[in-house]
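For reference, the structure discussed in these notes is given below.
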Amino acid sequence: MRMMVGCLRKALVLQVRFTLSASPTRQSLRFLLHHLYPFSSISLLGNHSHSLCSVSFQILLFETPDKPNSVLAFFNSHGFSKSQISKIVKSLPRLLASDPDKTLLPKLQFFYSKGASRPDVTKIVVSTPGILYRSLENQIIPSFNFFKDFLQSDEMAITVIKRFSRILLFDLHTYVASNINALQEFGVPKSNIAGLLMNRPMAFMVRPNLFRENLEEVKKMGFNPSQMKFVIAIHAMRAMGKSTWERKIDVYKRWGWSEEEIRLAFIKLPRCMTHSEDKIMATMDFFVNKMGRESSLIARRPLLISLSLEKRIIPRYSVIQVLLSKGLIKNDTSLVVLFESTEKMFLRKFVNGFKEEAPQLMKLYQEKINLSKKQDCLQEGSGDC
């Protein structure tokens, strides 16, 4: 019955066929159920059995479980967890047919030799298992050297790869090198290009002609190529498609922002366009409808859009409501003072400053903060909530 599950789910991605002269042995069944089955929908077929499923994309022939077991043992010995090994094998089942010493180990050793830690290497491989099937000499080393030469550091090159390990699968000269050249032609300082590359390497993975169009557009908006905001704006535009960009423009317009206000807000804080439509709507609704503030005020202070509702705005507003109800502050207190001030400054001015008049404020504020943390914990699925 267990062998039928993959077919019933129509999710067979790999069949592992043991070419045994007799029925599958207890050893092979144990191998299947305890190692392969958790990773993928895999069927064990004897010489005389019929195919259990009509869909089969790849067939690997194993006379014994020794080779797949050696691959699993290899990953285990290098600190990969069961769930990580599962993800790798699901993504690239043919790795089970690899020779760990010849195919897998040299890649890991290369990353170790460049200063990557075991957790670093684990993260790289789990996110992009295909790296293990790329040529070390012809793909991985030249790509690494490209980043090292530009950034002048092994550590920085590893940072790029950790951020977006799939970048090692592409022809860097077609994408990254061409787009770096374009940035330099526009007058972007090398240090700013390096900052973008290390923090947002995926921003470079676009056809050069489209990338240049983005550069032209950002420059026309009023961004100075010599400033860091220029490359941040490039990332903001590259982080979404044109239709998504236009939908976010429409969201701001629904709150009465003009195109000029949107442009100026984007120049002040490019990341105001990277938030989800739901996040923008919820934050604007809170400030305008809940607090009764003018929409144009938020347009002039786009950082307010980027603040967390649950972690900052709501906990602080709960304190302000108590102070307003007791007549301890006026309703015209600046949103900048209320929400953009540091934690230390807010507590000193609005919590500790009213200990005698409203001693419950610290408890109320902490309860709201703890509620936010618990919600985050539940969303992450942690058992320690």
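The values are calculated or read from the model by the stated rules, or taken from the named source; none is laboratory data. Quick caveat: nothing in here was measured; it's all calculated off a predicted structure. So basically every Cβ, Gly included, is an ideal-geometry build from the backbone, and we count neighbours across all protein chains shown. For the accessible areas, the whole protein counts, side chains as well, though only heavy atoms, and no ligand, DNA or RNA atoms are used. Shrake-Rupley method; radii C 1.70, N 1.55, O 1.52, S 1.80 Å.
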Tally of residues being under 22 Å from ASN145 (Cβ atoms) and either open to solvent by 40 Å² or more (accessible area, probe 1.4 Å) or among the small types (Gly, Ala, Ser) (or both) across the stretch 182-195: 6
Pairs with Cβ under 6 Å, 6+ apart, first in the stretch 121-148 and over 22 Å from LEU96 (Cβ atoms), second surrounded by 15 or more Cβ atoms within 10 Å (Cβ to Cβ): SER143/LEU168; SER143/LEU172; PHE144/ALA157; PHE146/LEU172; PHE147/ALA157; PHE147/VAL160; LYS148/ASP154; LYS148/ALA157
The stretch 196-235: number of residues that are open to solvent by 80 Å² or more (accessible area, probe 1.4 Å), part of a loop (DSSP other than H, G, I, E, B) and out of contact with any helix residue (DSSP H, G or I) (no Cβ under 6 Å at 6 or more places or on another chain): 2
Any hit, the stretch 266-281, residues being surrounded by 14 or more Cβ atoms within 10 Å (Cβ to Cβ), polar (S, T, N, Q) and in a helix (DSSP H, G or I): no
Given (1) assigned to a helix (DSSP H, G or I); (2) of a type outside the set (D, E, K, R); (3) surrounded by 18 or more Cβ atoms within 10 Å (Cβ to Cβ), index of the condition GLN109 fails: (3)
Filtered residue count, the stretch 164-181, keeping only those that are buried (at least 16 other Cβ atoms within 10 Å of the Cβ) and either closer than 19 Å to THR122 by Cα or more than 23 Å from the chain's Cα centre (by Cα) (or both): 5
From LEU324, LEU307, residue being modelled with pLDDT under 95 and open to solvent by less than 90 Å² (accessible area, probe 1.4 Å): LEU324
Single match in LEU132, LEU104 (criterion: of a type in the set (A, V, I, L, M), within 24 Å of the chain's Cα centre (by Cα) and not in a loop (DSSP other than H, G, I, E, B)): LEU132
PHE57 vs. criteria at pLDDT below 95 and open to solvent by less than 80 Å² (accessible area, probe 1.4 Å): no
